[in-house]
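Here's the structure we're looking at; comments come further down.
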Amino acid sequence: MRPWALLVVCFLSCSLPGAGATKAAFAYSEGQTIHIADAHGHPVAVLRVPERIGTFSIDSTANHVAVQTYGNYGGELLWCSMEKQSCKRLTHGPYYFGSETESREVYADPSLDPTGSLVAFAVRTEFRNPAQAKEEDIVEASGPLAVMDIPKKQVRILRATLDKSAGGPFFANSPVWSPDGTRILFCFEVGGAISDASGTRLQDLSDAMAGSAKDSYTQPLMWLSNEARGLAISL
């Protein structure tokens, strides 16, 4: 797939502000545009973003959107309003890799909590030297998760997503909030875990997910309930 043809889809179930009975069923991005459509695929709203879109997350009102700008391992995070058709930058890091001199800190996989006031995201680095990046791509993609309180503009690293035994961060990505907003499901390079929202406790799911397929590539995908056993995984 060509990189500029990247398609990201987000499923919704809500009414759009000022749209009467119009129901937003899903959203997708193309280039610098996010489209919201009804269950029949008919467009009901469009948001144009100032930069190319990597991934995005929409709140329950389908009005606010957290956008990751496109990059190899991440970009900046933007906070956009469908109603106002405007975006502002959320991230003003670095938040974790402040001592790195050969790379810049980037952010990926934004995920809004059920209230729409917190956004979880992956913290990564991107080497400025392309030759170095080619040799150390895993180092670039590794990193912990963070949570931003959007109204307060405060960011905290989830300590449960730091690999204390190895002295560095996990390869953490694709965070998903539980329906009640108390926990965050996320992926490793292979496998996954659950952190509580405060980032103090970690439940590693990797061994349980692998089961008898020890050599399979497994990752958690989504919550089906508030219970850890109510998860969907890929094999």
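We did not get these values from a lab; they are worked out from the coordinates using the rules stated. All values reported here derive from a predicted model rather than from experimental measurement. Every residue, glycine among them, receives a Cβ derived from its backbone with ideal geometry; neighbour counts consider all protein chains shown.
Tabulated data for the structure shown
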read-out: Surrounding net charge for residue 223, when Lys and Arg each add one and Asp and Glu each subtract one, Cβ distance under 10 Å; value: -1
read-out: Proxy reagent accessibility, fewest Cβ within 10 Å first, across 152, 23; value: 152, 23
read-out: Sites residue 99 and residue 60 - FRET efficiency at Förster radius 45 Å, r taken between beta-carbons, to 0.05; value: 0.75
read-out: Quarter of the Cα convex hull surface for the range 21-81, i.e. its orientation-mean projected area (nm²); value: 4.1
read-out: Mean Cβ neighbour count within 10 Å, used as a protection proxy, ranking 139-147, 87-95 highest first; value: 139-147, 87-95
read-out: Computed FRET value (nearest 0.05) for residue 227 with residue 39, which takes r as the C-beta separation and R₀ as 30 Å; value: 0.60
